[in-house]
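This report concerns only the one structure given below.
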Amino acid sequence: MKIAVCVKQVLSREATIRVNDQGTWVRDADAQFEINEPDQYALEEALRLKEQHGGEVIAVSAGPARVTQVLREALARGADRAIHVGDDALVEGDAFVVAAALAEAIRPEGVDLILTGLQSDDQGFGQVGVVMAERLGMPHATIIMDVSLADGQVRVKRELEGGWFQWVTLPLPTLLTIQSGINQLRYATLKGIMAAKKKEIRAVRAEGRASEQRIARLYVPEKSKQTRVLEGSAAEIAKELVQALREARVI
C-alpha cells in the first residue's frame, strides 16, 4: 500500500497577521508557520493505515523552500519520505494551480491512495483535493470521518449536513479529503526527529501556470458607524426602525 499525503504550510494561529504592500496576501517574512490542521489528521490516518496494512507513506507539499519545515515534521511523525514541489508563486496560487503541481509530482509514484485535509486554515476553499482527483482521473470522496481497506477497495464514512452520514465504497486508487477530528493525532518523538534527518526529501519543480482566480483585495475588517435620524409619526418611525434593524440583521 503506497499512500501520498498532501500537507500545506500555513501561518501559525498565534502569528500576527499583516497584509502585504500589494494588498493581495499576508506578509510572511517574519511570520511563524505550522502544518495545516486538517492535513495533520490526513497524515495520521495515512500512518494508521500503513501500520494496519503495511506499505509506504509519502508526504507532499508545494511552495517555497520554507515548506520543507512541515515535510520534516511529517517525516518525524512517521512518513517514509517526502516530495517538495518547489515554486515561490504557489504561495498565492489558486486551487487549480496548486492541484496541478501536486498531481504532476504524485503521478509518477503510482500511489494506491491520496489523502488531503478537507480544507486549508488560511483560505478554506476545500478545492485542491477535488481538482487533483479530476486531474489524475481518480474517484474521490470528501469530508471523510472513517476509512477502512479490504479486497482492493476503500470504504469510507462521509459527514453530511444535519447530523447525517453516508457510507461509500470506492475502488483503488482513490483520493480522500479528511475531516478534522477523525483520529487522535500523534506527535513527533525525539527518535522520530532524529530519524527524519536521514529521510529523503525529493525536490521537483512545478511548471509555471497562471492562476485562474486572483485576490482583488485583502484587508482587515473596517469598523465604521453612522448616525441616522428617523423622522415622521410614531408609526412611520417604528416601521423604519424595524426595517433598519432587519438590514443590520439584529432581528
Taking the stretch 151-166 only, how many residues are closer than 12 Å to LEU49 by Cβ and either out of contact with any strand residue (DSSP E or B) (no Cβ under 7 Å at 6 or more places or on another chain) or at pLDDT below 90 (or both)?
-> 0
Take the stretch 172-199 and flag every residue that is more than 23 Å from the chain's Cα centre (by Cα) and part of a loop (DSSP other than H, G, I, E, B).
-> THR189, LYS197, LYS198, LYS199
Of the conditions (1) modelled with pLDDT under 95; (2) assigned to a strand (DSSP E or B), the single one that GLY126 does not satisfy is (2)
Please name all residue pairs, on different chains or six or more residues apart, with Cβ atoms under 7 Å, provided the first residue is in the stretch 24-49 and is touching a residue at least 24 places away in the same chain (Cβ under 8 Å) and the second residue is among the acidic types (Asp, Glu) and assigned to a helix (DSSP H, G or I).
-> ILE35/GLU73
Which of the residues that make up the stretch 19-56 are small (Gly, Ala, Ser), closer than 29 Å to GLN153 by Cβ and not in a helix (DSSP H, G or I)?
-> GLY54, GLY55
Quick one: in the stretch 88-123, of everything that is assigned to a helix (DSSP H, G or I) and of a type in the set (D, E, K, R), which residue is surrounded by the most Cβ atoms within 10 Å (Cβ to Cβ)?
-> GLU104
Quick one: how many residues across the stretch 47-77 are surrounded by 20 or more Cβ atoms within 10 Å (Cβ to Cβ) and of a type in the set (Asp, Glu)?
-> 1
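The values are calculated or read from the model by the stated rules, or taken from the named source; none is laboratory data. Keep in mind it's a predicted model, so treat the numbers as computed, not measured. Ideal geometry is used to build each Cβ from the backbone, glycine not excepted, and the neighbour counts take in all protein chains shown.
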